[in-house]
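So the structure is just underneath, and the comments pick up after that.
The values are calculated or read from the model by the stated rules, or taken from the named source; none is laboratory data. What you see is a predicted model, and the numbers here were worked out from it, not measured in a lab. As a convention, Cβ positions derive from the backbone with ideal geometry for all residues, glycine included, and neighbour counts pool all protein chains shown. Keep in mind that these areas ignore ligands, DNA and RNA; they rest on the heavy atoms of the full protein, side chains included. Shrake-Rupley method; radii C 1.70, N 1.55, O 1.52, S 1.80 Å.
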Amino acid sequence: KKFADRYLKREVLGEGTYGVVYKAIDTKTGGTVAIKKIRLGKQKEGVNFTALREIKLLKELKDPNIIELIDAFPHKGNLHLVFEFMETDLEAVIRDRNIVLSPADIKSYLQMTLKGLAYCHKKWVLHRDMKPNNLLIGSRGQLKLADFGLARIFGSPDRRFTHQVFARWYRAPELLFGAKQYGPGVDVWAAACIFAELLLRRPFLQGNSDIDQLGKIFAAFGTPKSSQWPDMVYLPDYVEYQFVPGQSLRSLFPMASDDALDLLSKMFMYDPKARISVQQALEHRYFSSVPPPTEPALLPRPP
Ligand code: ADP
């Protein structure tokens with residue numbers, strides 16, 4: 001049975017934040033696609049229109065490091081989003097104990113992540129839900145960011161679905177302090193957490209509640225001083241924390257190069273205004289110093 005006269009549904013790929021994801025054949029191109037079925041049931045009718053208008057903007061985002069949104073259509077009260085099909089994701093790579101990630105491989109994965117982010121930030125679109133399983137990997141090793149902009153259109157997922165707790169580990173301190181106005185820095189913080197995870201081969205800051213997440217951040221970097229982050233005290237959920245000293249990045253990441261640590265420290269700045277931008281990060285000497293990033297096609301991947 002064809003969907004929208006075009007897609008042949010195959011197996012279920014998984015249950016995601018917003019609903020079921022199916023594998024399907026695009027009869028127009030013969031290619032394989034992933035269709036995300038988003039439940040709109042409980043929302044008001046108006047939300048459909050707002051969502052569709054915003055989705056139209058996402059269709060305009062075209063970059064080698066962004067998952068292409070091929071099509072979007074409502075069907076039986078659900079919104080269907082059609083994406084290019086991807087083989088695996090960065091979480092599977094990080095978790096696979098048989099995979100060795102060289103410094104050049106890590107550089108390549110981070111560079112592709114930042115290139116995708118830079119493209120969207122230039123167009124004033126934030127991701128807001130960056131995590132390794134949202135970084136999909138194609139058959140030729142290309143990394144592409146998935147779920148761009150969805151967090152903003154469909155709401156913060158982890159408040160509504162319990163299985164979404166992992167996103168917390170990638171959350172910037174300003175979000176944990178309840179900032180309502182935030183910027184591209186939230187994606188930079190998340191990218192820093194992913195960089196750290198590539199180096200450590202395990203999630204870096206694994207909080208089990210929002211408060212605990214801040215605790216984990218402070219235990220690593222020390223409680224932020226208001227001189228370091230002047231606007232912090234005005235954030236809605238700001239509370240004064242007991243002083244904890246930070247650890248040196250060198251002791252946290254003993255095997256990282258000096259260039260890697262310098263970039264990491266700039267991405268992990270507390271004050272979002274002082275945090276490095278994605279564009280500046282791409283221009284950091286880490287990316288021009290040896291070893292050069294591995295060619296995507298040569299990156300190690302799960303079987
Ligand atoms: P989450 O919201 O938990 O990040 P998703 O909704 O993105 O999950 O995806 C649910 C499942 O569908 C995952 O197992 C993911 O690997 C798979 N999936 C999502 N997008 C694609 C895609 N473009 N190609 C292949 N598989 C995908």
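Taking region 58-75, which residues are assigned to a loop (DSSP other than H, G, I, E, B) and within 13 Å of the ligand (Cβ to nearest atom)?
Selection gives Ile67, Glu68.
How many residues, within region 269-303, are part of a loop (DSSP other than H, G, I, E, B) and under 28 Å from Ala172 (Cβ atoms)?
Here the count works out to 14.
Is it fair to say Asn78 is surrounded by fewer than 20 Cβ atoms within 10 Å (Cβ to Cβ) and within 11 Å of the ligand (Cβ to nearest atom)?
So Asn78 does not fit the description; no.
Regarding region 227-237, can at least one residue be identified that is assigned to a helix (DSSP H, G or I), under 21 Å from Arg171 (Cα atoms) and of a type in the set (D, E, K, R)?
yes
Any idea which residue in region 3-21 is nearest to Phe73 (Cα to Cα), counting only those that are part of a loop (DSSP other than H, G, I, E, B) and either without any contact (Cβ under 8 Å) to a residue 40 or more places away in the chain or within 7 Å of the ligand (Cβ to nearest atom) (or both)?
Asp5
Could you say which residue among Leu90, Leu117 is touching a strand residue (DSSP E or B) at 6+ places or on another chain (Cβ under 9 Å), among the hydrophobic types (A, V, I, L, M, F, W, C) and more than 16 Å from the ligand (Cβ to nearest atom)?
Leu117
Could you list, in sequence order, the residues of region 107-119 that are in contact (Cβ under 8 Å) with a residue 60 or more places away in the chain and open to solvent by less than 10 Å² (accessible area, probe 1.4 Å)? Quick ask: steps written out before the conclusion?
In the first step, residues of region 107-119 are kept if they are in contact (Cβ under 8 Å) with a residue 60 or more places away in the chain; the result is 107-115, 117-118.
The answer is Lys107, Ser108, Tyr109, Leu110, Thr113, Leu114, Leu117.
Could you give me the residue pairs with C-beta distances under 8 Å whose first residue belongs to region 71-94 and is among the hydroxyl-bearing types (Ser, Thr, Tyr), whose second residue is open to solvent by less than 20 Å² (accessible area, probe 1.4 Å) wherever it lies, and which are 6+ apart or on separate chains?
As it stands, the answer is Thr88/Ile137, since those pairs meet every condition given.
Given the conditions (1) farther than 19 Å from Met130 by Cβ; (2) modelled with pLDDT of 80 or more; (3) assigned to a helix (DSSP H, G or I), which single one is not true for Ala24?
(3)
Find the residue count for region 85-104, including only residues that are outside any loop (DSSP other than H, G, I, E, B), open to solvent by less than 50 Å² (accessible area, probe 1.4 Å) and out of contact with any Lys or Arg (no Cβ under 8 Å at 6 or more places or on another chain).
Residues meeting the conditions: 4.
Name the residues in region 275-303 that are free of Cβ contacts under 8 Å to residues at least 24 places away in the same chain and touching a Lys or Arg at 6+ places or on another chain (Cβ under 9 Å), would you? Spell out the reasoning first.
The initial filter retains those residues of region 275-303 that are free of Cβ contacts under 8 Å to residues at least 24 places away in the same chain, namely 280, 283, 288, 290, 303.
Of everything in region 275-303, just one residue is free of Cβ contacts under 8 Å to residues at least 24 places away in the same chain and touching a Lys or Arg at 6+ places or on another chain (Cβ under 9 Å), namely Gln280.
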